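Data first, discussion second: the structure below is written as structure tokens.
The values are calculated or read from the model by the stated rules, or taken from the named source; none is laboratory data. No experiment lies behind these values; they were computed from the predicted model shown. FYI the Cβ positions are ideal-geometry reconstructions off the backbone, even for glycines, and counts take in every protein chain you see. All accessible areas refer to the heavy atoms of the entire protein, side chains included, with ligands and DNA or RNA removed. Shrake-Rupley method; radii C 1.70, N 1.55, O 1.52, S 1.80 Å.
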Amino acid sequence: IAKEVAKLLEMKAQLGEDEGKHKFVLKTPKGTRDYGPKQMAIRERAFNAIISCFKRHGAEVIDTPVFELKETLTGKYGEDSKLIYDLKDQGGELLSLRYDLTVPFARYLAMNKITNIKRYHIAKVYRRDNPAMTRGRYREFYQCDFDIAGQFDPMIPDAECLKIVHEILSDLQLGDFVIKVNDRRILDGMFAVCGVPDSKFRTICSSVDKLDKVPWEEVRSEMVGEKGLSPEAADRIGEYVRLHGGLDLIERLLQDPKLSQNKLAKEGLGDMKLLFEYLTLFGIAGKISFDLSLARGLDYYTGVIFEAVLLHQENEHVEEPVSVGSVAGGGRYDGLVGMFDPKGRKVPCVGVSIGIERIFSILEQRLEASEEKIRTTETQVLVASAQKKLLEERLKLISELWDAGIKAEMLYKKNPKLLNQLQYCEDTGIPLVAIVGEQELKDGVVKLRIVATREEVNVRRESLVEEIRIRTSQC
């Protein structure tokens, strides 16, 4: 034993020598980033706009674990399944980090036997992607989801989801956008009449999904070369996927000799027509484009699918226009909950996910270009003193303000110079300074200074809270 202990002590001594030499690589893992106070302030603005929209539409909020059992996520994402992060086996359960918020939501509904809910969920998801971070794509990122689960009359909840996307994108003032819509049933019907074998529907669907990024020629050669589709079938698909429009196109396709014979496509086109009628009543049909190239590669969609795309950003401050593509997407997934239910009970669902990271990239670049000063705190007033030996009085006053719910700060110095205190307000954007001095204490007042105008007023100590509230509500 003594020998072994001596050996271990020797090894420990050697390790100790190396300890000081080890250099840490200070970086965030690939596909992730830190958010400083400035970025968080921008991000909170965006979150607040999104949450208030979800609440305006009557949604409740839920949360689910960041990891799920691996089998919960397996087989739900089609070709994207390879992007799921698997965790090392810890304690007998095979786990994976969630890839989106939709599958966990479906698991939650099935597990709790919920057949009717309107919910939103904002949380981080994880994808083992090779992301282009400059375009707002990451391996760890937030999703903001809104979903309506339950058996309702066709297209009413679907239209509301599109209205929500329209409200949020308009509210955030991201520039011009279009919301593309299609239907999985129309796609499947189109594939069938074009001669795509059933077994190739999903894989051809994921090829079509790339049309917003690569030209048709590349997609066609992938279908024919890699996926073994006949050139004739690919050409027939090509004729359809180039079409986009509104009600006129739906009417035209309902008359199409081939498509109208297909039961699935006919159902999808009928619902699409209804959807456009509701969108017209909501006053947003002008921003919606029925687009046959929209496929959305996820396996669980069963009906309407949609994607909001920002149109070319013209920005004189930035040499390269920001082209971020899709900023929201979603659709109807009526079969997903049934996959988890032991009895296969289906709960129809439709939902939308807002691509907050891409939206955030745009807001960040825009603010940098405009050089607008961003406040990173919400402090309403700085408690200051004009003379020395007034720390106790400052502490008493700031405590009164905190207890009254006022957001207040002070400098952590016994005797700070008044100039330094005023400068701190200028630098951080604090609008008011409450100054205590010997004379003010005698008179039972506090001198309130308005930083922007440098105007000063004496306020009775007992009226100070009310005065601060009034003045900051005007800011």
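A few comments on the model shown:
- Legend: calculated FRET efficiency, ASP171 to ARG252, from the Cβ-Cβ distance at R0 = 30 Å, rounded to 0.05, equals 0.30.
- Accessible surface, per residue, of the stretch 193-350 when the full set of protein chains is kept, probe 1.4 Å, Å²: 48
- Relative to the current alpha-carbon distance between ILE470 and GLU368, full extension at 0.36 nm per residue lengthens the span by 33.6 nm.
- Using a probe of 1.4 Å, the accessible surface attributed to VAL25 totals some 120 Å² when neighbouring protein chains are kept in position.
- Dimensions (Å) - the stretch 381-473, Cα atoms, principal axes, largest first: 31, 30, 24
- Extension gain for GLU426 to LYS30 (0.36 nm times residue separation, less C-alpha to C-alpha distance): 138.8 nm.
- Estimated FRET transfer efficiency when R0 is 25 angstrom, pair LYS273-ASN48 (beta carbons, to 0.05): 0.10
- Helix 156-171 axis, angle to the chain major axis (alpha carbon atoms, nearest 10°): 40
- Taking every protein chain into account, the accessible area of the stretch 381-473 amounts to 58 square angstrom per residue (probe 1.4 Å).
- Tilt relative to the chain, helix 2-19 - C-alpha long axis, 0 to 90 degrees, to 10: 80
- Ligands, DNA and RNA left out, the accessible area of the chain computed with a 1.4 Å probe is 52% carbon and sulfur.
- Linear extension gain, GLU378 paired with SER463, 0.36 nm per residue minus alpha-carbon span: 28.5 nm
- Pairwise FRET efficiency - LEU15 versus LYS210, Cβ, R0 = 45 Å, nearest 0.05: 0.30
- Candidate values (i) 26.7; (ii) 27.8; (iii) 22.2, label of the one derived for Kirkwood radius over Cα pairs in Å: (i)
- Against the rule of thumb 2.2 N^0.38 Å, how large the Cα Rg of the stretch 140-233 comes out: 1.41
- Under Stokes-Einstein, with the Kirkwood radius over Cα pairs as Rh, the value for the stretch 198-286 at 25 °C and 0.890 mPa s is 167 µm²/s.
- Spread of Cα-to-Cα distances over 10 Å intervals beginning at zero, given as percent, for the stretch 81-205: 9, 24, 37, 25, 4, 0
- For a straight C-alpha distance cut-off of 22 angstrom, the lysines reachable from LYS263 (same-chain residues fewer than eight places away being disregarded) are LYS200, LYS273, LYS346.
- A convex hull fitted to the Cα coordinates of the stretch 58-142 yields 117 cubic angstrom per residue.
- The distance between label points at ASP86 and PHE282 comes to 4.0 nm (points 7 Å beyond Cα on the Cα→Cβ vector).
- Spacing of the two label points (7 Å from each Cα toward its C-beta) at LYS417 and GLU456, in nm: 1.7
- Here the stretch 420-475 and the stretch 76-90 have alpha carbon centers that stand 56 Å from each other.
- The angle separating the long axis of helix 231-241 from the principal Cα axis of greatest extent in the chain is about 50 degrees.
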